[in-house]
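Visitor: Got a structure for you, questions after.
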Amino acid sequence: MPAFFLNQPLDLLQRVAHLAQPFRANHSQRVCKMQPLVTMFQQDFIFLNQDNLAMKKLLSILPRWLPALFFMTAIFIFSSQPSSELPNFASWDRLVKKGGHAIGYGLLALSYLHLFDYKKNRYWLAWLLAVLFSATDEFHQSFVPGRHPSLTDVLVFDNLGAALALFFYRRNHEKENLSA
């Protein structure tokens, strides 16, 4: 969009209002039938104005979602694979796969914490979102050939992965603050 649209929205609105001159109901009252349209344009341009706080806040929050979206997409892709396509790690199979659950949901919980700007009162929300995503992912697995949902995965491996990641992050972060 050209820069003058962002920097001078009122000038553009005055031009639109001038074009609406023939549509005025009564010239003495200076009432424009297109006023709702002009108001709509004004609101849109105010939203696009670079000095608008709402737009700045949106642009500051959006990048914070990227790590969470990345991990949610990766988890979804891994859980979409049919059981026939999953690798077999022989005697290490259960440990690798359940460890993958714990690590994946631990990273997801940390990415949610990043979304909340690492605020101390948001740890519980990061954990809760990770566990809720885990539950929806297990439901999703019920539609994948050869896979089945497991409450144990949600309540034990994913829950513990998220909780332990948040616990160790907080403990490490508090040690850094004490030594500084």
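Read-outs: derived from the displayed coordinates by stated rules, not from any lab. Every value quoted in this text rests on a predicted model; they were computed, and no experiment measured them. Neighbour counts run over all protein chains shown; Cβ positions are idealised from the backbone, glycine included.
Visitor: Obtain the nm distance between the two label points defined at residue 94 and residue 144 by a simple spin-label model: each point lies 7 Å from its Cα along the Cα-to-C-beta direction.
Guide: If labels sit at residue 94 and residue 144, their model points lie 2.0 nm apart.
Visitor: Contour minus end-to-end for residue 164 and residue 151, with contour as 0.36 nm per residue of separation and end-to-end as the Cα-Cα distance? Mind dumping the intermediate values first?
Guide: Details: separation 13, 0.36 × 13 = 4.68 nm, distance 1.87 nm.
Separation in residues times 0.36 nm, less the Cα-Cα distance, equals 2.8 nm.
Visitor: Also: Step by step: find N for region 49-152, compute 2.2 N^0.38 Å, then divide the Cα radius of gyration by it. What's the final number?
Guide: 1.32
Visitor: Among 98-105, 57-64, how do they line up by average Cβ neighbours within 10 Å per residue, starting with the highest?
Guide: The most tightly packed comes first, giving 98-105, 57-64.
Visitor: Starting from the Cα-Cα distance between residue 173 and residue 73, subtract it from 0.36 nm times their residue separation and give me the gain in nm to one decimal.
Guide: 33.3 nm
Visitor: Right, next: Mind ranking 120-132, 82-94, 158-170, 136-148 by how tightly packed they are, going by the mean number of other C-beta atoms within 10 angstrom, highest first?
Guide: On the way: 120-132: 16.5, 82-94: 9.3, 158-170: 19.2, 136-148: 13.7.
The densest-packed peptide leads the list: 158-170, 120-132, 136-148, 82-94.
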